[in-house]
Ligand SMILES: [Zn+2]
């Protein structure tokens with residue numbers, strides 16, 4: 001996946017593996033202001049891990065957005 005290459009050397013994305021802030025069910029589309037719904041299903045144990053990538057799909061313009069989960073409390 002391309003994002004790995006893009007994020008290499010970026011200190012912001014150095015993290016310890018551990019519990020992550022759970023993703024919200026929807027986000028606002030940066031492009032059109034529509035609603036993007038979470039595509040990624042939660043892990044079976046319900047524990048999101050730092051560095052997990054979740055995908056959203058905009059219901060208006062159908063753009064896809066990938067987010068990297070951040071550690072809890074940040
Ligand atoms: Zn959109």
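Taking into account only those residues within region 49-74 that are over 10 Å from the mean Cα position of the chain (by Cα) and at pLDDT 95 or above, which is surrounded by the most Cβ atoms within 10 Å (Cβ to Cβ)? Per the stated criteria, the residue is 58. For the structure I just gave you, tell me whether residue 11 is modelled with pLDDT of 90 or more and more than 16 Å from the ligand (Cβ to nearest atom). Answer is no for this residue. Here is the figure for region 20-36: residues that are in a loop (DSSP other than H, G, I, E, B) and near the ligand (Cβ under 10 Å from one of its atoms) total 6.
Taking the criterion of being under 14 Å from residue 18 (Cα atoms) and outside any loop (DSSP other than H, G, I, E, B), the only residue of region 37-52 that qualifies is 49.
The values are calculated or read from the model by the stated rules, or taken from the named source; none is laboratory data. All values derive from a computational prediction rather than experimental measurement. All Cβ positions, even for glycine, are placed from backbone atoms using ideal geometry, and neighbour counts span all protein chains on display.
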